[in-house]
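Here is the structure we will look at.
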Amino acid sequence: MSKFESSIKQIPYSQTAVYDKISNLENLEKIRDRVPEDKVKDFRFDHDSVSVSVAPVGELRLRIIDRDEPKCVKFETEQSPIPFYLWIQIVAVTETSCKMKVTVEASLNPFIKGMVSGPLKEGIEKIADALAMIPYE
């Protein structure tokens, strides 16, 4: 398994507030307008899953498979060219701030790993950046 991690992001909201928001994917409705339509199409979600069409990858569908309140939400792909797990870890710093990191783990052969490592790391960092900018009130 190959593991890719985002940098650690500081979030000026409590661990509980961040966890509550990301553990229910219906909260994505509040940030729908921030999703770049030129890169992401058919953005759909419900309480436990999210799917998007991303050029040139195609449709990606992720489902929450584990919630470890208030510190981690783990996802598994239901549809993807490369099956992977993604989890979001949240660690309290103070009562009103926390740190967050996004991790992806996938089974990649050496050839595929060489081709996707750069774009995958960049994508994970963009996800972490977007999650760090959400208003968690």
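The values are calculated or read from the model by the stated rules, or taken from the named source; none is laboratory data. These numbers were taken from a predicted model, which means no experiment stands behind them. Here the Cβ positions follow ideal geometry from the backbone for every residue, glycine too, while neighbour counts run over all protein chains shown.
Some observations on this one:
- Selection within the range 86-137 - modelled with pLDDT of 95 or more and over 18 Å from E69 (Cα atoms): V104, E105
- Of the residues P12, P36, the single one that is at pLDDT 90 or above and out of contact with any Gly (no Cβ under 6 Å at 6 or more places or on another chain) is P12.
- Residue within the range 119-136 that is among the β-branched types (V, I, T), exposed (fewer than 15 other Cβ atoms within 10 Å of the Cβ) and out of contact with any strand residue (DSSP E or B) (no Cβ under 7 Å at 6 or more places or on another chain) present: no
- Considering residues of the range 24-33 that are among the aliphatic types (A, V, I, L, M) and touching a strand residue (DSSP E or B) at 6+ places or on another chain (Cβ under 8 Å) only, the residue modelled with the highest pLDDT: L25
- Scanning the range 105-116 turns up no residue that is over 21 Å from V54 (Cα atoms), touching a Pro at 6+ places or on another chain (Cβ under 9 Å) and in contact (Cβ under 8 Å) with a residue 60 or more places away in the chain.
- A search for C-beta distances below 8 Å between a residue of the range 123-137 that is in contact (Cβ under 8 Å) with a residue 24 or more places away in the chain and over 13 Å from V18 (Cα atoms) and any residue that is exposed (fewer than 15 other Cβ atoms within 10 Å of the Cβ) and of a type in the set (S, T, N, Q), counting only pairs 6+ apart in sequence or on different chains, returns E125/S7.
- Single residue of V73, V93, V104, V57 found to be farther than 15 Å from M1 by Cα and surrounded by 15 or more Cβ atoms within 10 Å (Cβ to Cβ): V73
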